[in-house]
Amino acid sequence: MAKGVKPRVKVPKTAAAGETITIKTLISHKMESGRRKDADGNFIPRSIINRFVVDFNDQNVIDVTLEPAISTNPYFQFDAVVPEAGEFKFTWYDDDGSVYETSKKIKIA
Amino acid sequence: MDFTRRNILAIGSGAFAVASVAGMPAFASKTDDAIAAFTGGVGVTEGGIDLTAPEIAENGNTVPVAVSAPGAVSIMLLATGNPTPAVATFNFGSLAGSRRGSTRIRLAKTQDVVAIAKMEDGTFRRAGATVKVTIGGCGG
Amino acid sequence: MELKTLLTSVAIVGFSAGLVSAQADVTLAVEGEVISTSASAPAFAENLDTVYSGWLFRKLETRSLQMDDFDNPAFVFVDKGIDLFEKVDGTEGKACASCHEDVEDFVGLRPAMPRVEDGTLVTMENLVNECRTERMGAEPWKYSGGQMTAMTALIGLQSRGMSINVAVDGDAAPFFERGKDLYYQRVGQLDMSCSNCHEDNYGVMIRADHLSQGQINGFPAYRLKNAKLNSAHARFKGCMKNIRATPYKEGGDEFKALELYLAARGNGLSVETPSVRN
């Protein structure tokens, strides 16, 4: 597992049924691109988060494929429809096989 | 016509030249390859998709960009001047609230950033923006 | 015309031009709270009329990142600071939270740092490591490492919006004078002092970089360049390397004195920790 990886997500606490909300997400991850060289001149191998998936009550909201050109501490902003109360699940997949997850519940106002 | 060797050579090279201009495929760039893989060779038209990126990036390491294409199934972002052009692909699910996405990307140098949207009707749309990437004063 | 006066007038013209182009949005408001980004220069800074926050010298896209505590990438590190604040560490079985119940109790600390205690100039990093080694029985953190910057960002945040107000008289006077000497001293292959850029030429473009006054009211700062929090001493070190000088030691006497002098040059500016810079 990459060191010190910490997710951070911003989801409103409530929404009206059927409302569209904006979600912001960030995760602290180096996103080692594979293009940097170490002191000896060798390429430091690529090690990035390559996929980010957001589901709500088991239905997909967005599924992002990431390449090394995504900046360190990947940030994504997108919109989701909230048909009912439930839970957003955020999952990040690392090249090294690690999976980082967090979730946020939302109520219907 | 008397077919001297000179004539035949001239006709031959002329034919060859014509064939080159007409038939030989242009040398495809990495960006073109990536786009072709995404579109499966279907033609891409301009419009119907918005790409927001700064004119001058404060720092090429973290450049905020946003894409929006109402009616899109997925949007692919490319940095045509990077060692590898692919940046990200947004695939919208059934609960996506819009066909929009924002992120922060790395740009190696001044270049065109391109967004290709795959629409629900199977067509593809394109938008591009030039982003200037500069070098800070003290190498910083 | 004396060279310094000429350079200063060039700087004023350059700065006006620079600031005018950035005029569009000169109000920094974070989470609904307006934070002032300029103030009258302190009396001792004879060559300055107004002190300006580094925020004003950045492009609009960068400035807007600091205006929202979620868009501000520094906050994922502030979250780490919160985790560290609550984490038990060391032989005494304590966390910061064991003694300092609420991190909000640190309001008012950042604007007064660095300060003199028992004849020694101490920075916030010194205070943190002193607690760790002497009261928690824990290992000291690396001066500009990820854990320390997360903690100083968290503590500094509690004073966000407050005016910087470091003491420069009494016990602090000799350290202030040392810092001032260092600020004006030319060093390195490029034979430059801090003042050459940050006092004589702020507002001017150096290649594609908009030179600031080099104020430290926003530190630790999240820099787009390295996508992490940077301490003031780490930045001083980087600046010295840029002018091809051998940098002083982070946490050492020179940088601490310089930090005091620079903090004082910004007396009146607001704490912006954690800021976003290029």
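The values are calculated or read from the model by the stated rules, or taken from the named source; none is laboratory data. These numbers come from a predicted model, not from an experiment. Methodologically, a virtual Cβ is constructed for each residue, glycine included, from the backbone with ideal geometry; neighbour enumeration extends over all protein chains shown.
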Qualifying residue in the stretch C:95-115 (condition: closer than 26 Å to C:S38 by Cα and among the polar types (S, T, N, Q)): no
Hey, B:S94 modelled with pLDDT of 95 or more, out of contact with any Ser or Thr (no Cβ under 8 Å at 6 or more places or on another chain) and either part of a loop (DSSP other than H, G, I, E, B) or within 11 Å of another protein chain (Cβ to nearest Cβ) (or both) or not: yes
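Name the single residue, out of those in the stretch C:203-217 being out of contact with any helix residue (DSSP H, G or I) (no Cβ under 6 Å at 6 or more places or on another chain) and of a type outside the set (K, R), that is modelled with the lowest pLDDT.
From the stretch C:203-217, those out of contact with any helix residue (DSSP H, G or I) (no Cβ under 6 Å at 6 or more places or on another chain) are C:205-209, C:217; that's our starting set.
Within this subset, residues satisfying the condition of being of a type outside the set (K, R) are C:205-206, C:208-209, C:217.
Numbers: C:M205: 89, C:I206: 85, C:A208: 80, C:D209: 84, C:N217: 97.
Checking each candidate, the answer is C:A208.
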Count of residues meeting criterion [free of Cβ contacts under 8 Å to residues at least 60 places away in the same chain and either of a type in the set (F, W, Y) or more than 7 Å from chain A (Cβ to nearest Cβ) (or both)] in the stretch B:66-87: 15
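So that you can scan it fast, the table gives a plain yes or no per residue for (1) modelled with pLDDT of 95 or more; (2) under 28 Å from C:L224 (Cα atoms); (3) surrounded by 16 or more Cβ atoms within 10 Å (Cβ to Cβ):
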residue: B:I56; (1), (2), (3): no, yes, no
residue: B:G71; (1), (2), (3): yes, no, no
residue: B:P83; (1), (2), (3): no, yes, no
residue: B:A86; (1), (2), (3): yes, yes, yes
C:R178 being modelled with pLDDT of 95 or more, among the basic types (K, R), surrounded by fewer than 20 Cβ atoms within 10 Å (Cβ to Cβ) and at negative phi: yes
All positions within the stretch A:69-93 that are facing chain B (nearest Cβ under 7 Å) and out of contact with any Leu (no Cβ under 7 Å at 6 or more places or on another chain): A:A69, A:I70, A:S71, A:F76, A:Q77, A:F78, A:D79
Members of the stretch A:85-103 found to be in contact (Cβ under 8 Å) with a residue 60 or more places away in the chain and surrounded by 13 or more Cβ atoms within 10 Å (Cβ to Cβ), listed by number: A:F88, A:F90, A:W92, A:D94, A:S98, A:Y100, A:T102
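If the requirement is being surrounded by fewer than 20 Cβ atoms within 10 Å (Cβ to Cβ) and not in a loop (DSSP other than H, G, I, E, B), which of these qualifies: C:N165, C:N196, C:N226? Can you show your working first?
On the way: C:N165 fails: not in a loop (DSSP other than H, G, I, E, B); C:N226 fails: not in a loop (DSSP other than H, G, I, E, B).
Answer to the check: C:N196.
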Residue in the stretch A:38-55 that is closer than 25 Å to B:T62 by Cα, within 16 Å of the chain's Cα centre (by Cα), among the hydroxyl-bearing types (S, T, Y) and within 11 Å of another protein chain (Cβ to nearest Cβ) present: no
Residues of the stretch B:88-118 that turn out to be crowded, with 18+ Cβ neighbours inside 10 Å, among the aliphatic types (A, V, I, L, M) and touching a residue at least 24 places away in the same chain (Cβ under 8 Å), as a count: 7
